[in-house]
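K.L.:
Provided herewith is a single structure, encoded as structure tokens, for subsequent inquiry.
Nothing in this text is a laboratory measurement; each read-out follows from the coordinates by a stated rule. Values in this document were obtained by computation on a predicted structure and should not be read as measured data. As a convention, Cβ positions derive from the backbone with ideal geometry for all residues, glycine included, and neighbour counts pool all protein chains shown.
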Amino acid sequence: MVVFLERHAIVEELQAPMEVRTSLVQILETPRLKLIPFTLELKKATLSQRARLTEMLRVEIPDAWPGADLLEALPFFLQALEKDPPGLVWDGIILHKAEQIAIGGMGFHGGPDEAGVVEIGYNIIPAYEGQGYATEMARRVIDWAFQTPGIRVITAECLDDNLGSIRVLEKVGMRRLAPEGNLLKWELQKETVA
């Protein structure tokens, strides 16, 4: 995998007019899934024009997508992208290829800090949980991230009662760190994967 720093518009993929933005999260695929960059235009449509989102992606957008947690955080992500005109896109929408439906999201909360650390986050809608989709895409995203210059450590957080996330983070090889109350902290270093 290589980092594509050129201007990346997914116009050809989505058949919809979109602004050209630099996307570090590219279209990534696994046998069952596709992760497409969650651009500013797609984030805006998610918040206010769901019918347009269906047209843009040409897949089914179920009522359960994007999930309460992401929906709550979306204005923050939208604001961050709007403040940064060349805005790097670090997250994506997970599409189930065979069923042509949006089933979740995955990505980083931003680019790497000075130490090369990024935090991964993800969600899968309830109807698709427990089928290995989060693990499958997390492995692909981690693979891509560790081939991206500047990323040396991937972290994650989840609540101690979130058994699904705990299983995903264990399966992708993350090491559990000291918890902060009921918040579990995780880490995966590039050297341990190589």
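K.L.:
In the range 93-115, which residue that is out of contact with any helix residue (DSSP H, G or I) (no Cβ under 8 Å at 6 or more places or on another chain) and of a type outside the set (A, V, I, L, M, F, W, C) is surrounded by the fewest Cβ atoms within 10 Å (Cβ to Cβ)?
P.N.:
Ranking the qualifying residues of the range 93-115, first place goes to Glu114.
K.L.:
Here's another thing I want to ask about it. With the structure loaded, tell me whether Ala45 is crowded, with 20+ Cβ neighbours inside 10 Å, farther than 16 Å from Met137 by Cβ and of a type in the set (A, V, I, L, M) or whether it fails that test.
P.N.:
yes
K.L.:
Given the structure, is Tyr128 more than 23 Å from Glu180 (Cβ to Cβ) and of a type in the set (Ser, Thr, Tyr)?
P.N.:
yes
K.L.:
Return the only residue of Thr148, Thr135 being out of contact with any Lys or Arg (no Cβ under 6 Å at 6 or more places or on another chain) and either free of Cβ contacts under 8 Å to residues at least 24 places away in the same chain or of a type in the set (Val, Ile, Thr) (or both).
P.N.:
Unique residue meeting the criteria: Thr148.
K.L.:
Here's a follow-up. Just name the residue that is farthest from Ala102 (Cα to Cα) out of those in the range 53-70 that are in a helix (DSSP H, G or I) and touching a residue at least 12 places away in the same chain (Cβ under 8 Å).
P.N.:
Once the filter is applied, the top-ranked residue is Asp69.
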